[in-house]
Structure formats: structure tokens, C-alpha cells
Amino acid sequence: MDPKAFHKISYGVFIVSAEGSDHKAGCVINTLTQVTSSPMKLSIALNKNNDTLEVIKEAGTFSAVVLKEDVDLGLIKIFGFFSSRDKNKFESISYKFDDNNNPYPAGGIVAQFSCRLCDSLDVGSHVICIGEVTDANLVSEDPPLTYADYHSKKGGATPKNSPSYQEGTTGYQCTVCGYIEETDDLPDDFICPVCGKDASYFRKL
Ligand SMILES: Cc1cc2nc3c(=O)[nH]c(=O)nc-3n(C[C@H](O)[C@H](O)[C@H](O)COP(=O)(O)O)c2cc1C
């Protein structure tokens, strides 16, 4: 099996979020897909270790936003590399509430969906959640960020909880925060997008 074949599947980059009884949760995903149009339903795949899955199950609803091409990488860093169990990801960003009272990032997005969790399927490491769309808003006509551009233009990495993460990933890993830069050569002036350490803190995988 050639793992590079999986790199030819195109995805967008999204943030899904919800508010539980005691905290807000949200995480970056690349696995949002529209599955039906009547009624309008979306599917998302969430790792069982992710706090966002627990909070969405508790809330019974969730918000999903489509990130824009020139989104600040800092937003992906906060929502994609930390857990809502340890950090209030919303405290440092501007956010709004959808019609289900779920918070969602206000900046760096091109569209927002409010969803009611109507089904879920355990597929092993992840749970596929089906959301019926109760509201949809076009926020900007700017182009959305693709997963391919996130990697090629923004130098992004994929953490282990993403279904697209592949065991045996090669590259350089930050010895401080664990961030993996998937590249053959790490430039000397490279700065970790997660914890800000320089290239000397990275080790080759
Ligand atoms: C580009 C990118 C794509 C990701 N895709 C997914 C995904 O589809 N499903 C998932 O469960 N996690 C995905 N992740 C990982 C989660 O965002 C990450 O594990 C996050 O820290 C979970 O936070 P939480 O514990 O607050 O839910 C992705 C991360 C990045 C940066």
C-alpha cells in the first residue's frame, strides 16, 4: 500500500465546537463532508481521545466553520494542537455563538454551520458524527483553506489524532511540544509554530 495515495484525497480545514455544562470545546478537523441535501446533513470524524467529541455528545449540537485560505496559523495551533480539557481555547480569540448557543471562532472563516447531532458511528479510533444542519451562513467570498495548501503553503503538520496522520511519518519533531514538521530538510531559521522553539530543538524522525 502506498501511503502517498492518501495525500491525493482533497479536504478542507474546519473547526468544530460546542459548549458543554462546564466548558467550551473545539478542535480543527479536515474530515467535514456534506453527506445529504434533503435534509442537509454533514459528517465529521472525531478521535475518541478528543475532548470535543465528548462535549458535542453532551451538547447534542455543534457548530462547524470553514477556515479561509489566509487564516492565521495561530488559530490552527490553538484548536489543532491543544486539548480543550487543558486550555480554554476561546479565551484568546474573538468568537460568536450560533443559534444553539455553541461558540465558534469569528475570524478567519468563510462559512459557519449550526448542526444537531442526529447520528454517530464508531469506526475504531474515531467516531463519525452526523449533524443535521439547522442554520448555515456564508461569512466571506474569500477562498477556503484546503488541506493541501495547509501543508504546502503554510508548512502545516498533522497531529496524531487526525485520521490523516500516518504512522511512520518522516520529518522533524519538536522535542519541547511534539509538533512534527513533515519535511526532508528543516531550515536553520525554522520556528516551531506551536511552542516557538527554534530549529535546534527539533530531532529527525
Ligand atoms: C490540520 C489538522 C487536521 C485535523 N483533523 C482532525 C480530524 O479530522 N479529526 C480529529 O479528531 N482530529 C483532527 N485533528 C486533531 C485535533 O484538532 C487535535 O487532536 C485537537 O487537539 C483536539 O482537541 P480537543 O481535545 O480539544 O478536542 C486535526 C488537526 C489538524 C491540525
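Please tell me if GLY124 is at positive phi and more than 16 Å from the chain's Cα centre (by Cα).
yes
If a residue has to be under 20 Å from TYR11 (Cα atoms) and aromatic (Phe, Trp, Tyr) to count, how many in segment 63-86 make the cut?
2
Being touching a Pro at 6+ places or on another chain (Cβ under 8 Å) and not aliphatic (A, V, I, L, M) is the filter; apply it to segment 125-143 and report the residue that is most open to solvent (accessible area, probe 1.4 Å).
Filtering segment 125-143 for residues that are touching a Pro at 6+ places or on another chain (Cβ under 8 Å) and not aliphatic (A, V, I, L, M), the one most open to solvent (accessible area, probe 1.4 Å) comes out as SER125.
Could you check, for segment 59-75, whether at least one of its residues is within 8 Å of the ligand (Cβ to nearest atom) and open to solvent by less than 60 Å² (accessible area, probe 1.4 Å)?
no
Can you tell me which residues in segment 23-58 are in contact (Cβ under 8 Å) with a residue 60 or more places away in the chain, more than 20 Å from ALA106 (Cα to Cα) and within 8 Å of the ligand (Cβ to nearest atom)?
Correct list: THR31, ILE44, ALA45, LEU46, ASN47, ASN49, ASN50, LEU53.
Just to be sure, is SER84 under 13 Å from the mean Cα position of the chain (by Cα), under 18 Å from CYS129 (Cβ atoms) and more than 13 Å from the ligand (Cβ to nearest atom)?
Considered against the rule, which asks whether it is under 13 Å from the mean Cα position of the chain (by Cα), under 18 Å from CYS129 (Cβ atoms) and more than 13 Å from the ligand (Cβ to nearest atom), SER84 comes out as no.
What do you reckon, is SER92 in a loop (DSSP other than H, G, I, E, B) and either within 11 Å of the ligand (Cβ to nearest atom) or assigned by TED's automatic domain parsing to the domain that holds ALA111 (or both)?
So SER92 fits the description; yes.
Just a yes or no: is a residue in segment 68-87 part of a strand (DSSP E or B), in contact with a Phe, Trp or Tyr (Cβ under 6 Å, 6 or more places away or on another chain) and either of a type in the set (Phe, Trp, Tyr) or assigned by TED's automatic domain parsing to the domain that holds VAL127 (or both)?
No, every residue in segment 68-87 fails to be part of a strand (DSSP E or B), in contact with a Phe, Trp or Tyr (Cβ under 6 Å, 6 or more places away or on another chain) and either of a type in the set (Phe, Trp, Tyr) or assigned by TED's automatic domain parsing to the domain that holds VAL127 (or both).
Return a yes/no flag: does segment 96-106 have any residue that is aliphatic (A, V, I, L, M) and within 17 Å of GLU132 (Cα to Cα).
No, segment 96-106 contains no residue that is aliphatic (A, V, I, L, M) and within 17 Å of GLU132 (Cα to Cα).
May I ask you to list the residues in segment 11-22 that are open to solvent by 10 Å² or more (accessible area, probe 1.4 Å) and touching a residue at least 60 places away in the same chain (Cβ under 8 Å)?
Within segment 11-22, TYR11, GLY12, GLU19 qualify.
Let me spell it out: the conditions are (1) under 23 Å from GLU58 (Cβ atoms); (2) at pLDDT 95 or above; (3) surrounded by 14 or more Cβ atoms within 10 Å (Cβ to Cβ), and ASP122 meets all of them except one. Which number is the exception?
ASP122 satisfies every listed condition except (3).
Scan segment 73-83 and give yes if some residue there is at pLDDT 95 or above and hydroxyl-bearing (Ser, Thr, Tyr), otherwise no.
no
So which of PHE79, PHE97 is buried (at least 20 other Cβ atoms within 10 Å of the Cβ), of a type in the set (Phe, Trp, Tyr) and farther than 20 Å from ASP119 by Cβ?
Going through PHE79, PHE97 in turn, the sole match is PHE79.
The values are calculated or read from the model by the stated rules, or taken from the named source; none is laboratory data. These figures come from a predicted structure and were not determined experimentally. Virtual Cβ from ideal backbone geometry, glycine too; neighbours counted across all protein chains shown. Only protein heavy atoms, including side chains, enter the accessible area calculation; ligands, DNA and RNA are left aside. Shrake-Rupley method; radii C 1.70, N 1.55, O 1.52, S 1.80 Å.
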